[in-house]
1. For Pro638, only one of the following conditions fails: (1) closer than 21 Å to Leu694 by Cβ; (2) part of a helix (DSSP H, G or I). What is its number?
2. From (1) open to solvent by 50 Å² or more (accessible area, probe 1.4 Å); (2) more than 16 Å from ligand 1 (Cβ to nearest atom); (3) of a type in the set (S, T, N, Q), pick out the condition that doesn't hold for Ser410.
3. Quick one: how many residues across the range 267-325 are assigned to a helix (DSSP H, G or I), touching a residue at least 60 places away in the same chain (Cβ under 8 Å) and within 16 Å of ligand 1 (Cβ to nearest atom)?
4. Quick one: which of Glu182, Glu236, Glu204 is surrounded by fewer than 19 Cβ atoms within 10 Å (Cβ to Cβ) and in a helix (DSSP H, G or I)?
5. Quick check on Gly43: is it of a type in the set (Gly, Ala, Ser), on the phi > 0 side of the Ramachandran plot and open to solvent by 40 Å² or more (accessible area, probe 1.4 Å)?
6. Every residue in the range 343-369 that is assigned to a loop (DSSP other than H, G, I, E, B) and open to solvent by less than 10 Å² (accessible area, probe 1.4 Å), please.
7. Can you name the residue in the range 443-463 that is within 9 Å of ligand 2 (Cβ to nearest atom) and of a type in the set (A, V, I, L, M) and is also modelled with the lowest pLDDT among such residues?
8. Select from the range 464-483 the residues that are farther than 20 Å from Val498 by Cα, open to solvent by less than 60 Å² (accessible area, probe 1.4 Å) and either within 9 Å of ligand 2 (Cβ to nearest atom) or small (Gly, Ala, Ser) (or both) and list them in ascending order.
Amino acid sequence: MKDAVLKSALQLGPTPRAGVLLPYPLPGPYDYKLPSGVEVARGLLVTAPLGPREALGAVWGQAEGAVGDNRLKYATPLEGHPVLPADLCDFIDWVADYTLNYPGMVLAMALRSRQAFEPGAPRTAYVRGHETPKRLTPARARVLEIAGDGLARSVPALAEEANVTPAVVRGLIEAGALVGVELPEFDPVPRPDPHFAPTTLSLEQEAAARSLKAAVAAKRFSTALLDGVTGSGKTETYFEAIAEAVAQDKQVLILLPEIALTVQFLDRFAARFGCRPAEWHSDLGQKERRRVYRAAMSGEARVIVGARSALFLPFRALGLVIVDEEHEQAYKQEEGPIYHARDMAVVRARIAKCPVVLASATPSLETFVNATGGRYAHLVLPRRHGNATLPEVRLIDVTRERGDAGTFLSPPLREALAATLASGEQAMLFLNRRGYAPLTLCEACGYKITCPNCSAWLVEHRYRRRLMCHHCGYDTHTPAECPQCAAPSSFIACGPGVERVAEEFAQVFPEARMAIASSDTMQGPGETQAAIRAMHKREIDVLIGTQIVAKGHHFPQLTLVGVVDADLGGSDGDMRARERTFQLLHQVSGRAGRADKPGLVLIQTRNPKDPVMQALAKGDRDAFYEQERVSRERAGSPPFGRLAAIILSSADADAARDAGRILAKAAPSARGVKVWGPTPAFYSLLRGQTRERLLVQAERGVDIQAYLRAWLRQAKITGVVRLTVDIDPMSFF
Ligand code: ADP
Ligand code: ZN
């Protein structure tokens, strides 16, 4: 309707005008003229001059200003007049509004692949022509025989198949024995076959799958939590919903939290549907990006699996959104426009009028409350698939059961490792800390080596012989003498990282085959993948890793999981610290005993009485969630209240602090709204920026965005201070 009105309004005059949204931090669309006769609509992609630049943008609405035609510049539609789908345009507006970002900056996320819009070069391929060459060598004969089947092949492909040089093929082209045909730039995207290899589901899986399929068939917005214990077959179950959507000629978006998971995931998908889905994430090359973007827009790509940025792809007919491991923190984008991809996935589905499925063994408390409160359908898979049972979880109180000073594997954990290795099974040691040691300290005076740009300790990476900052990447050598007391060679490593655990393990079990997997700057994704593959192929016995190994992986022979330090999550005043620790340790535990052999999980802790540790040991997730729910409700924390953070950062420390004070003074008073701060952020110095935080806490019914807008409109923040709004903050750093 809106489009139709807009179209006719724009086509009335000889020079149509439009408000064009550009991917920059501007308050709204800018007015441009469009060439007459152009069919115009919201979402029409154009290039438009902006100062010295030629920017890619999209028609967003009618021109607003009363500027004369002669003072407006022309925007030019892209070749073929591609138009962003209406639901994507609405989504962009919604996200900008909700997160208090400039709409152009949100549009920028949808236009990141500029190459996608440039006209593509068709490929030339060759088939058998009518001429027969005068000179027919055996090499030439081979090429012609292959080309005789009528399939079009490129020059290199023909040369390779016939085992001749490309020159032989080119000679045949000149002789007219091969003729060129034009092929589109890309091969067609393979279409997943819903009937390729359906899984026989258990009764519980079948019930959940039926309900998801019905939601897809209904073609309207709905939300379901697929709540299944680790190894219960959540993936197999939502595959059935995907099959239904594909059968209905709809597109599917699957969001995954970690790129590292996709290789196994893609193969599993291919086993069920006969081909891999299309992928979308930051590691894609330019050409692949262009291909997937265009295939999303044409509707040719039926299923796209991606990281959070895939939310902004121009799906033509979105029919289902899946958010796997919906509780994952990686779904929160903390830079640029700050948004939570799980929450935005629900909005994306609502606007596209299709169902969204959130899957997890440890849902976020927000989702859990929505599901148990009846706002979301709650589909439960209470058992592991097949004969697998949930592992036994035991706590090890390391204040009592400890080994020698400077060791981190307690006697019971060492015994269990020895038993597992002796029986030829596999083990995993988990420690959520990269590097060798988190702190390097002068033994003489206690001086701690910190980052010059961040209020953080430098982490020792022994294999690399460097001290590194995990926040800004700064790195240096361990100084020969202490800069504070000048004591020579006085630095010692404090506490363990995965490298140090690996070192201890190798000393105790010199025969065992072991690998480290950590999301490290020194260890590219390739190395991590190699470690995971080695574990699958049983080339190693023990995998030692950070949270990168905690999730998703299915190692059938893995029967022992050791959590080296369960207390790391801490409780630094963050209301989600307990929930996160529980989720992470539960996920890690879920790696054990996923096939026929039962699993054992040993958790080393100094606080065995802690409710999180107790919930893990008793396997009583819902009682723990209920406790958390009550404590959040009492505190008015999300989802029972709303939070927004304002972060002020500046290279000028005084300016950041002044801005915090000025902003706090300007806070309007409103019913049901409290403003806390300013206080220095947890990392008060980060990448050379001093950071102050304010926190807004509001009752559930308050329009927190409206409150913030009214406040920020009248506060004057100087240019040297950057102000960032984080709606629904997940981290308090
Ligand atoms: P989750 O995602 O809930 O952790 P998965 O979907 O990864 O569980 O399933 C765990 C394992 O059990 C996988 O290897 C999967 O292929 C297998 N599995 C689950 N359900 C079935 C089924 N109905 N038939 C055969 N294998 C299944
Ligand atoms: Zn740093």
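1. Status for Pro638: all satisfied but (2).
2. With (1) open to solvent by 50 Å² or more (accessible area, probe 1.4 Å); (2) more than 16 Å from ligand 1 (Cβ to nearest atom); (3) of a type in the set (S, T, N, Q) applied to Ser410, the lone miss is (1).
3. 4
4. Working: Glu182 fails: in a helix (DSSP H, G or I); Glu236 fails: surrounded by fewer than 19 Cβ atoms within 10 Å (Cβ to Cβ).
The unique qualifying residue is Glu204.
5. On the way: of a type in the set (Gly, Ala, Ser): yes; on the phi > 0 side of the Ramachandran plot: yes; open to solvent by 40 Å² or more (accessible area, probe 1.4 Å): no.
Against the criterion (of a type in the set (Gly, Ala, Ser), on the phi > 0 side of the Ramachandran plot and open to solvent by 40 Å² or more (accessible area, probe 1.4 Å)), Gly43 does not qualify.
6. Of the residues in the range 343-369, the ones assigned to a loop (DSSP other than H, G, I, E, B) are 353-354, 361-364.
Across the range 343-369, the qualifying residues are Cys354, Ala361, Thr362, Pro363, Ser364.
7. Restricting attention to the range 443-463, the residues satisfying the condition of being within 9 Å of ligand 2 (Cβ to nearest atom) are 450-456, 458.
Then keep just the ones that are of a type in the set (A, V, I, L, M); that gives 456, 458.
Numbers: Ala456: 86, Leu458: 91.
Restricting to residues being within 9 Å of ligand 2 (Cβ to nearest atom) and of a type in the set (A, V, I, L, M), the top hit is Ala456.
8. If the condition is that a residue be farther than 20 Å from Val498 by Cα, open to solvent by less than 60 Å² (accessible area, probe 1.4 Å) and either within 9 Å of ligand 2 (Cβ to nearest atom) or small (Gly, Ala, Ser) (or both), then Cys472 is the only one that fits.
The values are calculated or read from the model by the stated rules, or taken from the named source; none is laboratory data. The shown structure was predicted, so the numbers you read here are calculated from the model rather than taken from an experiment. Counting neighbours? That spans all protein chains shown, and the Cβs are built from the backbone with ideal geometry, glycine included. With ligands, DNA and RNA removed, areas are computed over all heavy atoms of the protein, side chains included. Shrake-Rupley method; radii C 1.70, N 1.55, O 1.52, S 1.80 Å.
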